[in-house]
Amino acid sequence: TEASLFDKAKDTIEFLKSRLPSPLLAPRVAIVCGSGLGGLADTVHSSPKAEYDYSDIPHFPQLTVTGHSGKLVFGLLAGKVPAVLMVGRAHFYEGHSIDQVTFPIRVFKLMGIETIFLTNAAGGLNPEYAVGDIVVLNDHIFLAGLAGIHPLRGPNEPEFGVRFPALSDAYDLELRCSVHNAWKSKASETSRRLHEGVYAFVGGPSYETRAECRMLHLLGADVVGMSTVPEIVVARHCGIRVAALSLVTNKAVLSPVPRGDDSFLHTRDADELGAIMTEGKANHEEVIEAGRAAAFDMQMLVQAVVLNMWAA
Ligand code: ADE
């Protein structure tokens, strides 16, 4: 029979413990860096520091998307707080099982991690949001999870948590307050806006149609993305506190496609119709580029929260 996730995570811990220098063995916090948001790892000073490619770590999922590398970095964040950072994450759309996608969270649990920050690039559904805005998540909509594509499906592993975990308090209020406070103290340095909002998980890899965007917005979602929620579910199952931040890298198109009726079609040329269909169309390069431009502020925000909490 297949080894339990607990046993696999123990293998991984054994691998890491046998290699990590002792000052890095007990990180206070884990940070999962989303697409284009791995710059935080550069604030980890070179000594002590240890890096492992996902391909070298037992049971870690391999990444396949351009713009995503994959390494686990241990060190002192801003030279002060012992941390472990995931630079790049595995996504469900790559073909990994939902168990593989969330496996690193279970490893963090066995390392003694009590707090995780997750960052991601997301599409903005809330019409108030602009590209480059940052959203502190306060809830999620997990359509796949509701339908049974869920990381806790299968025999419960009691070493991690209970059979029926609550998620009504998943997005830690104290951590969210810390994010807002850290942002307030930096407000003068940026014109960027910080919101609180609801994240809808989609499987991807295609971006949403206009009708799907309208549906998700109607259901109460403010941003949409292809990551983070499975990890949050697994983290909450095992009692880890989580905070999650989305960077709005594109605005989802909420306007319906024009109907091809007489009055519409006969009065417009092909260029005009092409322009209507291209407006706001999502693409991966745009997501990566908006990430680069705004990544700095987002990284400073996470760093400020971590320093406020642990570097006193
Ligand atoms: N990641 C970035 N933008 C996205 C979008 N529009 N939909 C899903 N995931 C995204």
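Largest first, how would I134, I98 line up by accessible area (1.4 Å probe)?
I98, I134
Count charges around H140 for me, please; just the other residues with Cβ under 15 Å from its Cβ, Lys/Arg as +1, Asp/Glu as -1.
-4
Under 10 Å from the Cβ of M300, count the other residues' Cβ atoms, weight Lys and Arg +1, Asp and Glu -1, and hand me the total.
For residues surrounding M300, the net value is -1.
Order these peptides, 257-266, 150-159, 215-224, by their mean beta-carbon neighbour count within 10 angstrom, highest first.
215-224, 150-159, 257-266
Taking the Cα atoms of the chain alone, what are Rg (to one decimal) and Dmax (as a whole number) in Å?
Reported Rg and Dmax, both Å: 20.3, 73.
Calculated FRET efficiency, A211 and T278, Cβ-Cβ r, R0 22 Å, to nearest 0.05?
According to the calculation, E is roughly 0.80.
Could you tally the net charge around L218, taking each other residue with its Cβ under 14 Å from the Cβ of L218, Lys/Arg +1 and Asp/Glu -1?
Neighbour charge sum, excluding L218 itself: -1.
As a test question: what accessible area, to the nearest 10 Å², does C213 have when a 1.4 Å probe is rolled over all protein chains in place?
That residue has around 0 Å² of solvent-accessible surface.
Considering the options L307, L245, V257, tell which one lies farthest towards the positive end of the dipole of segment 244-312, charges being +1 on Lys and Arg and -1 on Asp and Glu at the Cβ, about the Cα centre.
Sorting the options by dipole projection puts first L307.
Rounded to the nearest 500, what is the 222 nm mean residue ellipticity of the chain from helices alone, with -39500 (n - 2.57) per DSSP H run of 4+ residues and division by all residues?
Details: 9 runs with 104 residues, N = 312.
Here the helix-only value at 222 nm equals -10000 deg cm²/dmol.
Compute the helix-to-body angle for 98-110: its Cα long axis versus the longest principal axis of the chain, expressed 0 to 90° and rounded to tens.
Once rounded, the angle reads 40 degrees.
Below 8 Å between Cα atoms, with a sequence gap of 6+, how large is the relative contact order for the chain in percent? Please list the in-between numbers first.
On the way: 580 pairs, mean separation 75.1, N = 312.
Reported relative contact order: 24 percent.
Under the rule of at least 5 residues apart or a separate chain, name every residue whose amide H is placed under 5 Å from the amide H of A252.
G124, L125
Determine the alpha carbon to alpha carbon distance for each of K71/K281; K8/K80; K109/K184; K49/K80 and list only those over 24 Å.
Numbers: K71/K281 31 Å; K8/K80 31 Å; K109/K184 31 Å; K49/K80 12 Å.
Correct reply: K71/K281; K8/K80; K109/K184.
Based on the mean of other Cβ atoms within 10 Å per residue, sort peptides 297-304, 202-209 so the most packed one is first.
So the order, starting with the most tightly packed, is 297-304, 202-209.
Please calculate how many Å² of accessible area segment 234-312 carries per residue, with a 1.4 Å probe and no DNA, RNA or ligand atoms counted.
The answer is 52 Å² per residue.
Excluding same-chain residues fewer than 8 positions from K186, which aspartates and glutamates have a Cα within less than 16 Å of its Cα?
D133, D297
Give the angle, between 0 and 90 degrees and rounded to the nearest 10, that separates the Cα long axis of helix 5-19 from the longest principal axis of the Cα atoms of the chain.
Roughly 60 degrees, rounded to the nearest 10.
If all Cα-Cα distances of segment 92-231 are sorted into 10 Å bins from 0 onward, what percent lands in each bin, rounded to whole numbers?
Reading upward from the zero bin: 10, 36, 36, 16, 2, 0.
Roughly how large, in nm² to one decimal, is the mean projection of the convex hull of the alpha-carbon atoms in segment 231-312?
Mean shadow area of the hull around the Cα atoms is 9.0 nm².
Quote the FRET efficiency, to the nearest 0.05, computed for H180 versus E51 with a Förster distance R0 of 35 Å and r equal to the Cβ-Cβ distance.
After rounding to 0.05, the efficiency reads 0.65.
The values are calculated or read from the model by the stated rules, or taken from the named source; none is laboratory data. Just so you know, these numbers come straight off a predicted model, no measurement behind them. Cβ: placed from backbone, ideal geometry, glycine included. Neighbour counts: every protein chain shown. These area figures cover heavy atoms from the full protein model, side chains too; ligands, DNA and RNA do not enter into them. Shrake-Rupley method; radii C 1.70, N 1.55, O 1.52, S 1.80 Å.
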